[in-house]
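Encoded as structure tokens, the structure appears first; notes follow it.
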Amino acid sequence: MPLGKKKLIAGFVFGSITWTAILATKAPDQKEEPYTNLKILSKKLTDDQMDDIMHRFNSDLGVTCSYCHVRKKNVPYPEPMDFASDERPEKIQARKMLAMTIQLNKKYFHIRLDDKLEIRPKIWCFTCHHGVLIDLKNPYNPHPPPPVISP
């Protein structure tokens, strides 16, 4: 095999390997700002990042998605969640609490949380809630008493 042909084949193999490595390390394309109505969190969160944050809220507060989010109206069953809606006051309160925890971490622990919450905070929902919703009308008794059953 002539030397020129060997160089051409070696160049092709090297180029293919290099191009494959570049494509393998490139981040997958993200839809441009797939989330709407985010006031504190970044609109550029990936689906995995958003899921991680929301599932952490669920476990830290002992709630499910429907505590803050409503279902879309006039959509056949099963209705998907309308995550952008601000219809539930619990969602507005959650935003206030999130802003509060960001400020507490910044003021007392010098932790600057970015809008993707990629840094582990010292103070978070679980710090106070311990997986239980707190009744704001009676904050010292997070567990309501069992119903009284008359004989």
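Numbers for the structure displayed
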{"read-out": "Amide H partners (placed H, <5 Å) of Asp82, local residues excluded", "value": "Val70, Arg71, Lys72"}
{"read-out": "The range 41-53 - phi-based ³J(HN,Hα) in whole Hz, Karplus 6.51/-1.76/1.60, Gly and Pro as x", "value": "6, 6, 6, 9, 5, 6, 4, 5, 5, 5, 4, 4, 5"}
{"read-out": "Potential extension, Ile17-Lys73 segment - 0.36 nm per residue separation minus Cα distance", "value": "15.1 nm"}
{"read-out": "Out-of-range pairs (alpha-carbon distance over 26 Å; input Lys39/Lys72; Lys72/Lys122; Lys72/Lys106)", "value": "Lys72/Lys122; Lys72/Lys106"}
{"read-out": "Rotationally averaged projected area of the range 47-129 (alpha carbon convex hull; nm²)", "value": "6.0"}
{"read-out": "Amide proton proximity set for Trp124, modelled H, under 5 Å, gap of 5+", "value": "none"}
{"read-out": "Positive-end extreme of charge dipole, the range 47-129 - chosen from Met97, Thr127, Tyr108 (charges on Cβ)", "value": "Tyr108"}
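All of the numbers you see were taken from the coordinates with simple rules; none came from a lab. From a predicted model like this one, the values you see are computed outputs, not experimental measurements. Here Cβ is always computed from backbone atoms with ideal geometry, including for glycine, and neighbour counts include all displayed protein chains.
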